[in-house]
Amino acid sequence: MMPWHIVLLPTRRWLHCPSARIILERWEGGGDTQDVKVDVTDAMVEAQGSNSAELGRRARTYRMAVLLLLAQVLVLAAAVAQPSAN
């Protein structure tokens, strides 16, 4: 039986906010400071929603892996507890 390993790590798609490079380009391009702040805040809220959805999927997968591990342990314990037919 193949062992299952689940590791929850951030991925490349894990978003926090727009990169500093994009923010600076907006300011250098003549963007109004308030508009840039609003855009950055909107992007952060959108990224938080995206991350929450991804984290929810990972949490469900993790819970399923824990249940499978528990089932494997119970089967193993039952097999060990049975008296051998010698």
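The values are calculated or read from the model by the stated rules, or taken from the named source; none is laboratory data. Computed from a prediction, not measured in an experiment: that's the story for all the values here. Glycine also receives a Cβ, built like all others from the backbone with ideal geometry; neighbour counts cover every protein chain displayed.
Within region 4-23, identify whether any single residue is modelled with pLDDT of 75 or more, assigned to a helix (DSSP H, G or I) and surrounded by 12 or more Cβ atoms within 10 Å (Cβ to Cβ), and answer yes or no. Looking through region 4-23, at least one residue is modelled with pLDDT of 75 or more, assigned to a helix (DSSP H, G or I) and surrounded by 12 or more Cβ atoms within 10 Å (Cβ to Cβ).
The selection criterion, being assigned to a helix (DSSP H, G or I), surrounded by 10 or more Cβ atoms within 10 Å (Cβ to Cβ) and touching a residue at least 40 places away in the same chain (Cβ under 8 Å), holds for Glu54.
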